[in-house]
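The values are calculated or read from the model by the stated rules, or taken from the named source; none is laboratory data. Fair warning: this is a prediction, and the values are worked out from it, not measured in the lab. Positions of Cβ are backbone-derived with ideal geometry, glycine not excepted, and every protein chain shown enters the neighbour counts. Protein only, heavy atoms only, side chains kept; ligands, DNA and RNA dropped before computing areas. Shrake-Rupley method; radii C 1.70, N 1.55, O 1.52, S 1.80 Å.
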Amino acid sequence: MDNATKFLVYCIEIYKSAHNLNGKQVMQLFGKYGIHEYILNCYNALHTTGPEYIIEDITGLIEERKSQ
């Protein structure tokens, strides 16, 4: 497993914990709003930030994409 994929798993886990969701719910949410691709495409920038920023960033992106 490469570093970007490991980071994606990390993001899923911290998002799951922050929003009291289970793995299936997070996978559906991330799939629906293209979050997997976003995380992998932005890995170089995102992996240098802390968990609070990552959660805030993903949450904001989901909210933005919900309104489109």
| query | For H19, are the conditions met, namely being open to solvent by 50 Å² or more (accessible area, probe 1.4 Å), in contact with a helix residue (DSSP H, G or I) (Cβ under 7 Å, 6 or more places away or on another chain) and not acidic (D, E)? | reply | no
| said: Would you confirm, using the coordinates I've provided, whether I35 is open to solvent by less than 40 Å² (accessible area, probe 1.4 Å) and in contact with a Leu (Cβ under 9 Å, 6 or more places away or on another chain)? | reply: yes
| field | Within the range 1-17, considering residues that are more than 11 Å from the chain's Cα centre (by Cα) and among the hydrophobic types (A, V, I, L, M, F, W, C), the one farthest from E52 (Cα to Cα) | value | M1
